[in-house]
Structures are given as structure tokens and as C-alpha cells.
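The structure appears below as C-alpha cells.
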Amino acid sequence: MPRITRSGIGYDVHRLEQGEADRLLVLGGVTLRHPQGLTLSGHSDADVLCHAIADALLGAAGLQDIGHYFPNTDASIRGISSLEILRRVSAIIADAGGTIINIDSTLVAEEPKIGPYVLEMRDKISGAIGLDSSRVGVKATTNECLGFLGRGEGIAALATASVETAVE
């Protein structure tokens, strides 16, 4: 059966808020400390990077978005690790006959500084989806102090993904 490579785009944003004692900031599967002790608000662990990647992968595979598979109304997944979401998304794509080719992503945040954690994020993400880390790009930028991201009110992530699927 002939196969094609499709691309998908993902975007996610979560608000930063004062963290509860048991909730830390998670980005790309890596637990970080925000300089002001902030964390991201969300139903899962609120890992915006993994969520953007999941949506990009699902889109590239021609499937529904992350909210369809992991709705914030589902109490059974409250607090779920977003690396687990990526594992499940990878399985959904494989069950649909897709093969993940590559991912590229960008975190947008004024703080914390992401550079020291990029390699660990790549390793965690690639491990969750069973892809060589050389096929996972993780970058970071600021919003140059502009808008809600620039004021440090949240963190956003963008991702693109390529998935090989059968031609229908």
C-alpha cells in the first residue's frame, strides 16, 4: 500500500499561577523550578510542550485533537503525566498505521530559562514516543516582554510533526 508523509501543527498555552506544594512546573517531561515558584494550571500536569507535540502528531496522522482523546472532563486522567499522553498518542498513531518521522517544537516563556534542560527534554520526549532523540527538536524563545507571555502570565509551545501514513 502506498504511503505519504503528512505534517501537523500543535499549539498549547497554560496560565502560570502560584504552585501548590505538591505541584511543580513540568516542561517536556522535565520538572523545573520557576524563579517565583510558579507552576502551570491544567487538568493534567499542564506540560504545554508535550501537549503541543501531541496535537501536532495527531494532526499529522489525520486524527482528532488531544481534547478528544484526553478531555479535561475525564477525572480518571486528572494529574496524568504528559509523557504518558505522548506514549498513548504514539500508540494511537501506530494502531492507525502511522509512523512518526520527526518533531520540532518551540517553548515561549520569559522564565524559567530552558536552555539547560533541552537535551533532557529531547530524551524524555523521544523515549515516550519511541523515536531517536535526533529526530526531536526542542527550542526556546521569549516573547520579548510583549503581551501575556511577555508579562510572565503563562507559557506557550508550538510544534510541528511529520507522520508517515497509508494513502487512502
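The values are calculated or read from the model by the stated rules, or taken from the named source; none is laboratory data. In this text, all values refer to a predicted model and were calculated from it rather than measured experimentally. Neighbour counts run over all protein chains shown; Cβ positions are idealised from the backbone, glycine included.
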**Prompt:** Taking residue 67 and the conditions (1) surrounded by fewer than 16 Cβ atoms within 10 Å (Cβ to Cβ); (2) part of a loop (DSSP other than H, G, I, E, B), which numbered condition does it fall short on, given that it satisfies the others?
**Reply:** (2)
**Message:** List the residue pairs whose Cβ atoms are under 8 Å apart, where the first residue sits in segment 101-117 and is farther than 17 Å from residue 156 by Cβ and at pLDDT 95 or above, the second is acidic (Asp, Glu) and assigned to a strand (DSSP E or B), and the two are 6 or more positions apart or on different chains.
**Reply:** 101/164
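Among the candidates 128, 140, single out the residue that is part of a strand (DSSP E or B) and either touching an Asp or Glu at 6+ places or on another chain (Cβ under 8 Å) or under 17 Å from residue 25 (Cα atoms) (or both).
140
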**Complete:** Considering segment 24-56, residues that are touching a helix residue (DSSP H, G or I) at 6+ places or on another chain (Cβ under 8 Å) and assigned to a strand (DSSP E or B), and then whichever is surrounded by the most Cβ atoms within 10 Å (Cβ to Cβ), we arrive at 27
**Residues being farther than 20 Å from residue 107 by Cα and at pLDDT 95 or above - total across segment 1-24** = 2
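Give me the residue from segment 83-115 that is under 26 Å from residue 148 (Cα atoms) and out of contact with any Leu (no Cβ under 8 Å at 6 or more places or on another chain) and, out of that set, surrounded by the fewest Cβ atoms within 10 Å (Cβ to Cβ).
Only one residue tops the list, namely 115.
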